[in-house]
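Participant: Take this structure, written in structure tokens, and hold onto it; I'll ask about it next.
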Amino acid sequence: MEKPRISVIGVGYVGLCTAVGFASKGYTVIASDNDPEKADKIKEGIPPFHEPDLPAMLRETIQNGHLHCLTNQTQKAVLETDITYVAVGTPSRPDGSIDLQCIETVSHDIGKALSKKSQYNVVVVKSTVVPGTTQNTVKPILEIESKKKCGTDFGLCMNPEFLRQGSAFHDTFNADRVVIGGNDKKSVDTLENLYKDFYGVNVPPIIRTTLSTAELIKYASNSLLATKISFINTIASMCEKIPGADVKAVAAAMGLDKRIGPLFLDAGLGYGGSCFPKDVKALIACSKAFGYNPELLESVENVNQIQPLKAVQFCKEQLGNLKDKNIAILGLAFKPDTDDMREARVIPIINQLTKEGAQVTAYDPVAMPTAKKIFNNQIKYATSAINCLNDADCCIIATEWSEFKKLKPKDFKENMKQPIIIDGRRIFDPEEFKQNTHFAAIGLGE
Ligand code: UGA
């Protein structure tokens, strides 16, 4: 059977990993993005962001011609393919609800292309959109622009994405499940067959459902993971008040209960990134719009707002007034293995430290260029972790990069003015560090 040709509109990390994933398995993929800078880089085979394992396969698929990238040519991409993925951004509005402007623009363009097409095309919404969006926003735009009927003349699915940044390319080939919400049987069958071919013998469970259930599965999944994090951070705050208590031991023991599981129970400075903060807020706003106030999720969000500022509080407990104190920050990315700083927990920390007059020097293995765009000259940038510690009064571990885990108490003692360490991501052994340094950590009782 001939492989369907695939278009991907929007090449952020979800769109690009999807595009490269299909292209690497021999599908013809045409991507399009309205950001010329991003599209130009991809045309040269260079990912516009840091994502392990992606560069080599992107280069290969561009060179062997399986992947083509266009600049702002949605209609051309749709006209030349059979299945069209929509993977554009859905940013937050000030009230937490999602901004559908990009989804709407792209839907208009796809609809116009569909009006010119004679063969059947399935449109697949991969962007994270709140329940009702595919049915009530995307579908009518496609039908009006194309003057065709969804379900007979063209297909429509909602297929949420569960990739994690930092391991997104690996996740593309190793999904726990594939969720396909469909407007009609033919659309869902088309997508199910595509995934059966893509995964081969390793096909994960495929869940066929309605458009709005698929949309909600994505938000419910991210919100539960965020809830686990805020839950364990709540326990961490209790531990800090209980002599001898340690949240790491609590989480490890809890995680052995199969009903709880060990993952997403790492206490720290809270969750960041382009997804959890935005998705929890969007689900709250959407739920309220439907007439239900989700108090649990509001608490999850509140805990996450407070959590990073605990690092500043710890600093003050150790140093008193922060004016002119040198604070070293190790880690800027919202998590390891990415250069992404969207909603990084370090942002409120640095803003608060500088507001209180501290001098901040920061280091991150890959996120420094991103940080420079956010902080400009507000902080100093070090060339290495050790360089960052030089002459510091206090060091905050803000991201758990593996290279920071190799640091020893002597590295802090030899380089800092005084070895005061705040382990915001629980990467160090308290027994080892407490002997040689002034050591405080999230979730560690005195
Ligand atoms: C998350 C989900 O894990 C993906 O399944 C989903 O596809 C993606 O959002 C999305 O919606 O696109 P991601 O944002 O890449 O992926 O990051 P995670 O690995 O989930 O981490 C999110 C944040 O939670 C990070 O700031 C991380 O440091 C924090 N975290 C994670 C903790 O504080 N503790 C933990 O135990 C785990």
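Participant: Residues that are more than 27 Å from the chain's Cα centre (by Cα): find the strands (runs of 3 or more DSSP E) completely inside the stretch 100-199 holding 1 or more of those.
Facilitator: Counting at least 1 such residues, we get 155-158.
Participant: Further question: Restricting attention to the stretch 68-82, which residues are among the hydrophobic types (A, V, I, L, M, F, W, C) and buried (at least 24 other Cβ atoms within 10 Å of the Cβ)?
Facilitator: Cys69, Ala77, Val78 - these are the residues of the stretch 68-82 that are among the hydrophobic types (A, V, I, L, M, F, W, C) and buried (at least 24 other Cβ atoms within 10 Å of the Cβ).
Participant: Further question on the same structure: Please state which one of Glu431, Glu343, Glu446 is of a type in the set (Asp, Glu) and either assigned to a helix (DSSP H, G or I) or surrounded by 21 or more Cβ atoms within 10 Å (Cβ to Cβ) (or both).
Facilitator: Glu431
Participant: Quick check, is Ile217 assigned to a helix (DSSP H, G or I) and either touching a Lys or Arg at 6+ places or on another chain (Cβ under 6 Å) or surrounded by 17 or more Cβ atoms within 10 Å (Cβ to Cβ) (or both)?
Facilitator: When the stated conditions are applied, Ile217 passes them.
Participant: Residues that are within 10 Å of the ligand (Cβ to nearest atom) and under 29 Å from Val366 (Cβ atoms): list the helices (runs of 4 or more DSSP H) wholly contained in the stretch 267-339 that include at least 1 such residues.
Facilitator: It comes to 276-289, 295-306.
Participant: Could you look through the stretch 201-214, keep only residues that are in a helix (DSSP H, G or I) and away from the ligand (no atom under 16 Å from the Cβ), and pick out the one that is least open to solvent (accessible area, probe 1.4 Å)?
Facilitator: Ranking the candidates gives Leu211 first.
Participant: Looking at Asp184 and the list (1) within 16 Å of the ligand (Cβ to nearest atom); (2) surrounded by fewer than 17 Cβ atoms within 10 Å (Cβ to Cβ); (3) acidic (Asp, Glu), which single condition is not satisfied?
Facilitator: (1)
Participant: What tally of residues in the stretch 379-419 results from selecting those that are under 26 Å from the mean Cα position of the chain (by Cα), assigned to a helix (DSSP H, G or I) and of a type outside the set (Ser, Thr, Tyr)?
Facilitator: Of the residues in that region, 4 qualify.
Participant: Moving on to the next point. Which count do you get for residues in the stretch 359-378 that are in contact with a helix residue (DSSP H, G or I) (Cβ under 8 Å, 6 or more places away or on another chain) and either open to solvent by 10 Å² or more (accessible area, probe 1.4 Å) or outside any helix (DSSP H, G or I) (or both)?
Facilitator: Qualifying residue count, the stretch 359-378: 8.
Participant: What's the total number of residues in the stretch 379-407 that are within 15 Å of the ligand (Cβ to nearest atom) and open to solvent by 10 Å² or more (accessible area, probe 1.4 Å)?
Facilitator: 4
Participant: Does any residue of the stretch 233-246 turn out to be in the same structural domain as Ser299 (by TED's automatic domain parsing), within 13 Å of the ligand (Cβ to nearest atom) and hydrophobic (A, V, I, L, M, F, W, C)?
Facilitator: The answer is yes; a qualifying residue exists.
The values are calculated or read from the model by the stated rules, or taken from the named source; none is laboratory data. These numbers were taken from a predicted model, which means no experiment stands behind them. Cβ sites come from the backbone with ideal geometry, for glycine too, and all protein chains shown count toward neighbours. Protein only, heavy atoms only, side chains kept; ligands, DNA and RNA dropped before computing areas. Shrake-Rupley method; radii C 1.70, N 1.55, O 1.52, S 1.80 Å.
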